[in-house]
Amino acid sequence: MTSVQIFLHRFYDSDLFWKFRKTPAAVIAAAVLLVMVVCAVAAPLLAPHTPFDPGTLNLMDSRLPPAWLEGGTITYPLGTDEQGRDVLSTIFYGMRISLAVGVAAVLLSVVIGVTLGLIAGWFGGWVDAVIMRMGDVQLSFPTIMIAFFIDGITKAVMPTDLRELTRFYVVILAIGLADWVQFARTVRAATMIEKNKDYTAAARLSRVSTMRIVFTHVLPNTLGPVIILATLGLGVAILTEAILSFLGLGMPPTQPSLGALIRVGNDLLLSGEWWISMFPGLALVLLVLSVNIFGDWLRDALNPRLK
Amino acid sequence: MGVAIVSVRELGRRFDASAPLLQRLLTRAPRRFVNAVDGVSFDVEEGTTFAIVGESGCGKSTVTRLVAGLDTPTHGEVRCLNRTGNPLHMQMVFQDPVGSLNARWRVGRSIAEPMSSALPVAARDKRVVELLEIVGLKSSDAMKFPQEFSGGQRQRIAIARALAGEADVLLLDEPTSALDVSVQAQVLNLLKDLQDRLGLTYIFISHNLAVVRYMADRLAIMYLGRIVEEGPAEVLFEAPAHPYTRQLLDTVPDVDNPRRNREPQAFDIPSPLNLPTGCTFHPRCPLATDVCRRQRPVLRNRPNGSRVACHAVAD
Ligand SMILES: Nc1ncnc2c1ncn2[C@@H]1O[C@H](COP(=O)(O)OP(=O)(O)OP(=O)(O)O)[C@@H](O)[C@H]1O
Ligand code: SF4
Ligand SMILES: [Mg+2]
């Protein structure tokens, strides 16, 4: 057997996979999530239209209702928006951006939080105090406020076109910076426990460097809860991005995430074209819900104490 | 022989055992300190076994951690230099076999950790298998995780890891307490054999006086953080001078003399937070007098090579 086969075999035999198969909600959530991620990642291949290529748009086709309503056509299954873009295709591309922002923001929080948590937990003393008080301060600022703040700064220092280009990264930064504290707290607590175990003392006697002890011994022992928190954090990050975009602080209409699509469609809600905002809204709910259900299951399965 | 490679002088370690600040402020409780180790001095000669004996909480583990440099003394000093004046390489077998291995590392990786990184991987793997077999485990055990072993097996893994370091000094904190008798004998014989072949130095802690008698060249008896008697093992076992040593040895089943006189045993073990005045042993001592309650006895040398801290023992 190749090592990949061995790995798959172990995975299939594992306790975790067994628990997974016994939990229908988790299986359904994972399946929905998988489909949505595939649609998002392969949007250029799978989407029926290319909504962001102005050359392919036909203004004659704007504001068409979904296929099953009067006036709808199967060419645009979920209807079109005011510029004649296919709603289903914009959702594929929108999920792509929502997921990319969410994953990148969570990764940023994880890197910052895990690093600071390891440092605080291992060194203790005033280093620990400074880092954890920084976390307390951080937690007393809502994400939205940080986003407003960063948005204000970029407005002041960047020309408009550059701002549009860097918007994606600015949103990631705003969300990622806001969410590191929970990772730092969890990792710090786990680090303090591992630090006091005798195996780290044994490593010190064997003259293993502090860096090496922290990275090879302590870090792997803290990652279980980090993976759980990161999964749950992904749902929050996607939602935060949607809120920021809805408020006009997130992704621009030229590069719309699900939240930006809802914002654009929202203006047309009163004139009866409900599908333009409702379907991206449904996609957002489905995405966040399946992430959260899967994250909840993962938490219960991996670490019953963390409830 | 005869070179003291570990020298401990007036060693002290005080722990802060106070309640948390807020609680202290609310209840006006004073700060409290525990002198876990207080004024301990001894030398360990190269190639010998130095045993530390005493009841739970008397500071044995704290002394070994201080000697290993894993903890910093609040008083006194530890000097660990080899013949050429270089720092000693030490390895330790810890008392608690659960925390002494990383739960996420395969056992083989843990055992290989002290080995030099200059050693090729194949040579390291071979050595791991050798060590596993030496401590009575199977070579296939290298691929398992610590949770798959019993406490006694984990302790043997910890011993294999300590041996892998090729250290000058092994600090053994109750290394065989979780082992059953046959395995215990096997491990003790192994340690003795390695000492003879490699000239290793051991600092050995055990509750089991029969084991200590078998292993130790010198022996220190500790009571509430202090050494009350210290000397060559045969002197202490044949002619114990301190009342506490005599009480301890009395609990060892003596096959030759089953009806040896038993001294009365009091049961109130004083708290290290609130030490008795004078000789800390006086509440339990059958020979205690007024002097003992007022004045703390110092360790004095005796002609037979031991040291005793007791007012009732003549020089
Ligand atoms: N980190 C610590 N903080 C506070 N008190 C401590 C600490 N470590 C040890 N002590 C106290 O110091 C004293 C000596 O502890 P130590 O572990 O050295 O005893 P021991 O002789 O090894 O006991 P045992 O035979 O039970 O292992 C005890 O009263 C203990 O409560
Ligand atoms: S000094 Fe006094 S109390 Fe202490 S051991 Fe000796 S006789 Fe007993
Ligand atoms: Mg101990």
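Bear in mind that the values in this text are calculations on the coordinates, not laboratory data. Quick caveat: nothing in here was measured; it's all calculated off a predicted structure. Virtual Cβ from ideal backbone geometry, glycine too; neighbours counted across all protein chains shown.
Given points 7 Å out from each Cα along the Cα-Cβ axis, report the B:A4 to A:D267 separation in nanometres with one decimal.
For B:A4 paired with A:D267, the spin-label model returns 8.9 nm.
On the principal axes of its Cα set, how long, how wide and how thick is region B:28-187? Give whole Å, largest value first.
The Cα atoms of region B:28-187 stretch 54, 43, 33 Å along the principal axes, largest first.
With r defined as the distance between the Cβ atoms of A:E70 and A:L8 and R0 fixed at 60 Å, what FRET efficiency is calculated, to the nearest 0.05?
After rounding to 0.05, the efficiency reads 0.75.
Could you give the size of the charge dipole of chain B about its Cα centre, using +1 on the Cβ of each K and R and -1 on the Cβ of each D and E, expressed in debye and rounded to the nearest 20?
Value, rounded to 20: 940 debye.
Just grab the label-to-label distance for A:R204 and A:L16, each label 7 Å out from Cα along the Cβ direction, in nm (one decimal).
Spacing of the two 7 Å Cα→Cβ label points: 3.2 nm.
Rounded to two decimals, what is the ratio between the C-alpha radius of gyration of region A:1-73 and 2.2 N^0.38 Å?
For region A:1-73, the normalised Cα radius of gyration comes out at 1.86.
Mind sorting B:L219, A:L219, B:L81, A:L78 by how few other Cβ atoms lie within 10 Å of their own Cβ, fewest first?
Numbers: B:L219 27, A:L219 20, B:L81 14, A:L78 23.
In increasing order of surrounding Cβ atoms, one gets B:L81, A:L219, A:L78, B:L219.
Please report the spacing between the Cα centers of region B:87-125 and region B:12-63 in Å, no decimals.
Region B:87-125 and region B:12-63 have Cα centres spaced 28 Å from each other.
Shielding of B:95-107 by partners, i.e. mean partner chain Cβ atoms within 10 Å per residue?
4
Rg/Rh for chain A to two decimals, with Rh computed the Kirkwood way over all alpha-carbon pairs.
1.05
Taking the Cα centre of region B:89-167 as the origin and placing charges on Cβ (Lys, Arg +1; Asp, Glu -1), which of B:M143, B:M90, B:G165 is farthest toward the positive end of the dipole?
Working it through, the farthest residue towards the positive pole turns out to be B:M143.
Find how many whole Å separate the alpha carbon centroid of region B:221-238 from the alpha carbon centroid of region A:18-36.
65 Å
Would you list which aspartates and glutamates come within 17 Å of A:K19, measuring only between C-alpha atoms, while excluding same-chain residues fewer than 8 positions from it?
Counting by Cα, and skipping residues close in sequence, A:K19 has these aspartates and glutamates nearby: A:D296, A:D300.
Expected output is a single nm value to one decimal: the length gained when fully extending between A:L286 and A:L34, i.e. 0.36 nm times separation in residues minus the C-alpha distance. What is it?
Working: separation 252, 0.36 × 252 = 90.72 nm, distance 1.19 nm.
Here the answer is 89.5 nm.
Give the aspartates and glutamates whose C-alpha is closer than 14 Å to that of B:K138, dropping any in the same chain fewer than 8 places away, or say none.
B:D125, B:E130, B:E148
Considering only the protein assembly as shown, what is the antiparallel percent among its DSSP beta bridges, to the nearest 5? Walk me through the intermediate numbers first.
Working: 26 of 43 bridges.
In the protein assembly as shown, DSSP labels about 60 percent of beta bridges as antiparallel.
Relative to the first principal axis of the alpha-carbon coordinates of chain A, what is the inclination of helix A:219-246, with its axis defined by its Cα atoms, in degrees from 0 to 90 and to the nearest 10?
Long axis of A:219-246 versus the principal axis of chain A: about 30 degrees.
Give me the compactness ratio for region B:89-167, meaning the Cα radius of gyration over 2.2 N^0.38 Å.
Against the compact-globule rule of thumb, the ratio is 0.98.
Taking chain B as a Gaussian network, Cα atoms linked when under 10 Å apart, which of B:E238, B:E130, B:E113 shows the biggest mean-square fluctuation?
B:E238
Which order, highest average first, do A:189-197, B:149-157, A:153-161 follow once you tally other Cβ atoms within 10 Å for each residue and take the mean per peptide?
Working: A:189-197: 17.9, B:149-157: 20.8, A:153-161: 10.2.
Ranked by mean Cβ neighbours within 10 Å, highest first: B:149-157, A:189-197, A:153-161.
State which helices in chain B qualify, where a helix is a whole DSSP H run, it must extend 18 Å or more along its own axis by its Cα atoms, and its mean Kyte-Doolittle hydropathy must be at least 0.0.
Membrane-span-like by this criterion, though nothing is claimed about a membrane: B:121-134, B:181-198.
Could you please state, rounded to a whole Å, how far the C-alpha centre of region A:169-223 is from the C-alpha centre of region B:132-173?
The two parts, judged by their Cα centres, are 26 Å apart.
Could you tell me how many cubic angstrom of Cα convex hull volume the protein assembly as shown has per residue? Let's see the in-between values first.
Working: hull volume 145.9 nm³, N = 622.
Normalising the Cα hull of the protein assembly as shown by residue number yields 235 Å³.
As an exercise, find the ratio Rg/Rh for chain B from alpha-carbon atoms, using the Kirkwood inverse-distance average for Rh.
Ratio value, two decimals: 1.00.
Could you list, in their original order, any pairs among B:K60/B:K192; A:K197/B:K144; A:K22/A:K195; A:K195/B:K126 whose Cα atoms are separated by more than 25 Å?
In this structure, A:K22/A:K195; A:K195/B:K126 lie more than 25 Å apart at Cα.
Which residue fluctuates the most in chain B, going by a Gaussian network model with Cα springs under 10 Å, if the choices are B:V298, B:V187, B:V67?
B:V298
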